[in-house]
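Contents: one structure, followed by commentary.
The values are calculated or read from the model by the stated rules, or taken from the named source; none is laboratory data. Predicted model only: the values in this text are computed from it and were never measured. So basically every Cβ, Gly included, is an ideal-geometry build from the backbone, and we count neighbours across all protein chains shown. Accessible surface is based on the protein model in full, side chains and every heavy atom, while ligands, DNA and RNA are left aside. Shrake-Rupley method; radii C 1.70, N 1.55, O 1.52, S 1.80 Å.
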Amino acid sequence: MYMNFWYPVVRSEDLGKTPQKVRILAHDFVVFRDEQGKPAVLSDTCIHRGASLAAGKCKEDGTVQCPYHGWRFNAQGQCTRIPSIGSKTKPPSRARVDSYPVQEKYGIVFAFLGDLPESERPPIMEVEEHGTPEWRHTVITFDINYNYERSIENGLDPAHNEYVHPTHGHQGTREDSYTMMELRPFKNTDWGYGFMASFDAPPLKNPIMRRARPGGGKMEAGSGSHGPNQIWTYINFSEKYSMHQYMFEAPIDETHTRVFLLNERNVLFFKKGLGTRLNKWLDKKVNERNVFIAAQDIKVMNEVQPRLTPPSRAKELMMPADKCILQYRDKLDEFEAKGWKLDMAAIQAARARGDTIFAIPCPARRETNAWVLDEAPRVAPRQPEKQVTLQAAG
C-alpha cells in the first residue's frame, strides 16, 4: 500500500454532523464537517490517552471533541481546548494530530494521505464529463474481501470478460475473437496506462440496458489505471452512446477494500418532461446492474491465490492481453522507488503487539517535529524489477 495519493473517504451525501471513523491503509481516520460544512480528515487517535476521536462529537466551533477527556481538535488537527488545564491556558504545540488535505469532488470526499507539498501531489483522476448537461452520474460503494491491487488488475484485464461476464462475452464459444485482440494505447499519463479494444459482445438481455446497445456485435471498451488505487473503464455501446465508470478504491487493509464507483452515462438519460422521476428510476436500475456485474467479478476474485500480488512477476505466466496489468505493476515499482510504499509487516507487527500506533504523515510534518505519534514506517526504496517478456500467443 502506498501513501502520497488521494483516497476516497466517504460519499458526500453520507457525511452529516456526526464524526465517522474510516480505515484506509490499515490506519484509522476521523472525518467530519467543520462549522462551515467543509469536510475535514484527521488521524483518529487522540494523542492524550489514545481514544477514538470518531467516537466523540462535532462541536459548534467546528472542532471534533474527544469522548474521553473532552480535548477539541480543529480541521487543521490543532488542539484548541484541554478542559483539565482550564479555558485560559493555551494547549502545548505538540497537542496536535495529523490533518490531511481534502477535496470534495464527484460526490466523494477525498483525502490526500501523505506529506507531499501541494505542488508535488499526484492529482485525483480527472472526470471531464462530470456535471455537464449531456451526462448523468451516480455514486455507489461496496466492500470486497480481497486486496485492492488484485481488484485494479481485474479491471485492467480484457480477457476475463469472455468467461466472467455473460453479457460481455460468449462464455468461451468464440475464443478466437480474443486471440488477435488489439490493445490500443489510450490515455497514458505520468500516473498510469490505459487501452481501448474492440470486443465481440452478445446482445443484452436486460430490457433496460438493451436500449443502450440493441444488438450484439463489435463494441469498443477499455480501461486504465491512475495511481495505485484508481481506474477508469469506458464502454462505448455505439458512436453516440457510452457509459464511463471510475473506481476510486480505498484499501482498508491488505485483504479488504472499499470501492467507490462513479458511473457516468449519456444513455438512459431523460432531460425534459418526466425526466427527474424517470432518471431516479433509471439511476436505481443502472446501479443494480453495476452491482450485479461486480458480483460476477467478486465471485471469481474471492478464490484467487495468492491473496496478494506475487513478489516476483515470474510467478505468474503472463500473456499479451495482460500488458496493461504489467504496466500497472511498473508504476507501483516507480512509487516504491520514490519511498511511498508502506512497510505493512512493521505496521502489522506493531498492531499485533498492541503497544504502538502510527500515523500516516501529513504535510505539516515537514514544518515541525512537534508530534506525539510516530510516522508509519515505509519500505526502503529499491530499483524497479526487471520487466518480464510476455509469452507470445500461439
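With a cut-off of at most 16 other beta carbons within 10 Å, and DSSP calling the residue loop, which GluC sites (Glu not before Pro) in the stretch 304-383 qualify? Please list them.
Numbers: sites: Glu316, Glu334, Glu336, Glu367, Glu375; in loops: Glu316, Glu367.
Listed in order of number, the matching sites are Glu316, Glu367.
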Quiz item: If you rank His226, His69 by how much accessible surface each has, with a 1.4 Å probe, what is the order from largest down?
Solution: His69, His226
Practice problem: Order Trp340, Trp191, most accessible first, counting only protein heavy atoms with a 1.4 angstrom probe. | Solution: Trp191, Trp340
Exercise. Positive end of the charge dipole of the chain (Lys, Arg +1 and Asp, Glu -1 on Cβ, about the Cα centre): tell me which of Phe5, Gly114, Ile82 has its Cα farthest that way.
Key: Ile82
Quiz item: Accessible area per residue of the stretch 221-310 at 1.4 Å probe, in Å²?
Solution: 45 Å²
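First compute the accessible area of the chain with a 1.4 Å probe, then give the percent of it belonging to carbon and sulfur atoms.
Values: 9620 of 19090 Å².
Within the chain, the accessible surface is 50 percent carbon and sulfur.
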Practice problem: With all protein chains present, calculate the accessible area of Leu116 using a 1.4 Å probe and round the result to the nearest 10 Å². | Solution: 10 Å²
Self-check item: Nearest-ten-degree value, helix 323-337 long axis tilted from longest Cα axis of the chain
Solution: 20 degrees
Exercise. Sort His137, His165 by accessible area with a 1.4 Å probe, largest first.
Key: His137, His165
Practice problem: Heads up, I need the accessible area for Ser43: 1.4 angstrom probe, whole protein in place, Å², nearest 10. | Solution: 10 Å²
Practice problem: With N set to the residue count of the stretch 69-137, report its C-alpha Rg divided by 2.2 N^0.38 Å to two decimal places. | Solution: 1.68
Quiz prompt | Residues Ser93 and Arg184, FRET efficiency given R0 of 51 Å [Cβ-Cβ distance, rounded to 0.05] | solution = 0.40
Quiz item: When we measure straight from the Cα of Lys285, which lysines land under 16 angstrom away, once same-chain ones fewer than 8 places off are left out?
Solution: Lys205
Quiz item: To the nearest 20 debye, what charge dipole does the chain have about its Cα centre, counting +1 at the Cβ of each Lys and Arg and -1 at the Cβ of each Asp and Glu?
Solution: 1240 debye
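Tell me, what is the per residue accessible area of the stretch 26-138 in Å², probe radius 1.4 Å? Before the final figure, lay out the partial values.
On the way: 5260 Å² over 113 residues.
Here the per-residue accessible area is 47 Å².
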Quiz item: To the nearest 10 degrees, how steep is helix 275-301 against the longest Cα principal axis of the chain, on a 0 to 90 scale?
Solution: 90 degrees
Practice problem: Using a 10 angstrom cutoff on alpha carbons, build the Gaussian network for the chain and name the most mobile of Val304, Val41, Val22. | Solution: Val304
Self-check item: the stretch 216-283 - Rg (one decimal) and Dmax (whole number), Cα, Å
Solution: 15.4, 48
